[in-house]
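The values are calculated or read from the model by the stated rules, or taken from the named source; none is laboratory data. These numbers come from a predicted model, not from an experiment. FYI the Cβ positions are ideal-geometry reconstructions off the backbone, even for glycines, and counts take in every protein chain you see.
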Amino acid sequence: MSLLAIVWAKLVRSLEIFVIGLFASLVLCVLWGVISRYVPGIRPSSWTEELAIYLLVWISLLGAALAYRSNGHLGVDYFVGKLDPSARRAAFYVAELAVLFFAAFALCHGGWKLVSQTLAANQITAVLQWRVGYLYSAVPISGVFICAFAVEHMLRPDQVAAAPVEKDA
């Protein structure tokens, strides 16, 4: 395995561990919010709801990138499965290019503009008093990963979806 492949595998594994950590933090945050609200003698925490919302955003965006890498996303391949193998391969590359361009334009470019504008406006969250631009940085980060995963899919022929050809009854 090349050095680049080893570094890439470690980066992807780090992303997986990071998302797991975010999810564990979300569970603890929501659990503390419930405990502090309903257990007598404990003052209700006002920050748990806001933090849970931002944790969920980060988990959703980064988790979507990981799901895309492992082809765990929702797909409708009924018609593609009826195509011959060369047409299926072409459909695969068209779909991957569409994902790549969308992620590059909407998530990377649009997300970077969103982060830049909110940082420039010095927007802060209501309860935690955190800068919103840093919280929105999940958008371009997930875009970078989705772009990289799309390129990875296209460079690895073993990743090409080879749906079984259905026979008419």
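Within segment 85-101, can you find the residues that are within 22 Å of the chain's Cα centre (by Cα) and surrounded by fewer than 15 Cβ atoms within 10 Å (Cβ to Cβ)? Reasoning before the result, please.
First pass over segment 85-101, keeping only residues within 22 Å of the chain's Cα centre (by Cα): 92-101.
Passing the criteria: TYR93, VAL94, LEU97, ALA98, PHE101.
Mind counting the residues in segment 61-76 that are exposed (fewer than 13 other Cβ atoms within 10 Å of the Cβ) and free of Cβ contacts under 8 Å to residues at least 60 places away in the same chain? Before you say what the answer is, go through the steps one by one.
Here is the first cut: in segment 61-76, the ones exposed (fewer than 13 other Cβ atoms within 10 Å of the Cβ) are 70-76.
Those left that are additionally free of Cβ contacts under 8 Å to residues at least 60 places away in the same chain: 70, 72-76.
Adding up the residues that qualify gives 6.
Counting only residues that are more than 16 Å from the chain's Cα centre (by Cα) and either modelled with pLDDT under 95 or exposed (fewer than 12 other Cβ atoms within 10 Å of the Cβ) (or both), how many does segment 9-26 have?
Residues that pass the stated criteria total 3.
For the condition surrounded by 13 or more Cβ atoms within 10 Å (Cβ to Cβ), over 25 Å from CYS29 (Cα atoms), over 21 Å from the mean Cα position of the chain (by Cα) and among the small types (Gly, Ala, Ser), what is the one hit in GLY81, GLY111, GLY143? Let's see the steps before the verdict.
Working: GLY111 fails: over 21 Å from the mean Cα position of the chain (by Cα); GLY143 fails: over 21 Å from the mean Cα position of the chain (by Cα).
Testing whether each residue is surrounded by 13 or more Cβ atoms within 10 Å (Cβ to Cβ), over 25 Å from CYS29 (Cα atoms), over 21 Å from the mean Cα position of the chain (by Cα) and among the small types (Gly, Ala, Ser) leaves just GLY81.
If only one of VAL12, VAL57 is under 25 Å from VAL115 (Cβ atoms), touching a Lys or Arg at 6+ places or on another chain (Cβ under 8 Å) and in a helix (DSSP H, G or I), which one is it? Give the derivation first.
Values: VAL57 fails: touching a Lys or Arg at 6+ places or on another chain (Cβ under 8 Å).
Being under 25 Å from VAL115 (Cβ atoms), touching a Lys or Arg at 6+ places or on another chain (Cβ under 8 Å) and in a helix (DSSP H, G or I) holds for just one of VAL12, VAL57, which is VAL12.
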